[in-house]
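Accompanying notes for the structure given below.
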Amino acid sequence: MKTYVPNVAATAAKWWIVDAAGQNLGRLSTQIAAVLRGKHRPDFAPHLDLGDHVVVINASSVAVTGNRMADKRYYRHSGYPGGLHERTLEELMGSHPERVVKLAVRGMLPRGRLGRQLLGKLRVYSAAEHPHAPQQPVALPIKDTSRAERRAEQGARS
């Protein structure tokens, strides 16, 4: 028997567009990361870049739950002694809302060369305007269900 390995050069990457307005940041990021990795395709291979391009619009109006706006912190270090800088989610949403979505998706991708390559296929914009209309992106259906809705759905199935 031979093992099937998909040909990356022969597969064409699609373009997807996601409207982040009112979407939960974590749930949105997991679905975007799955599309970037190519997990929605039948020929998925974990060691290959078979994912599609994703354009996220309205990143400035993404939703978070609880006290996360004040409690969640983003850290970066300059490399010098005493060079640790921290910002809250609220501060980062005020200045760079597209960075919040990109960092959330980045944390859900593999570390290393493949993850950096996949992250290059993500474009995030804080407003509704984007320069990718010539690529004709298709709207990505985002499944946004709360925990109560999922439990009710599981109860109806059993």
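Coordinate-derived values only; no laboratory data. As the structure is a prediction and not an experimental result, all values here were calculated from the model. Every residue, glycine as well, gets a Cβ built from its backbone with ideal geometry; the counts of neighbours run over all protein chains shown.
A few notes on this one:
- Taking every alpha-carbon pair under 8 Å whose residues sit at least 6 apart, segment 5-158 reaches a relative contact order of 31 percent.
- Given +1 at the Cβ of Lys and Arg, -1 at the Cβ of Asp and Glu and no other charges, the dipole of segment 61-115 around its Cα centre is 320 debye to the nearest 20.
- Among (1) -0.25, -0.88; (2) -0.29, -0.90; (3) -0.29, -1.00, the entry derived from the coordinates for log10 I(q)/I(0) by the Debye sum over Cα atoms at q = 0.08, 0.16 Å⁻¹: (3)
- Straight-distance candidates among the lysines for linking to Lys72, with alpha-carbon spacing under 20 Å and chain neighbours fewer than 8 residues away dropped: Lys102.
- Stretch gain in nm, segment Ala9-Ala45, where the contour uses 0.36 nm per residue and the Cα spacing is subtracted: 11.6 nm
- Listed values for segment 37-48 are Karplus-derived 3J(HN,Hα) couplings in whole Hz (6.51 cos²θ - 1.76 cosθ + 1.60, θ = phi - 60°), namely 6, x, 5, 7, 8, x, 9, 4, 10, x, 9, 10, and x replaces Gly and Pro.
- DSSP bridge analysis restricted to the chain gives an antiparallel fraction near 30%, rounded to the nearest 5.
- Protection proxy ranking, peptides 9-16, 113-120, 47-54, average beta carbon neighbours within 10 Å, highest first: 47-54, 113-120, 9-16
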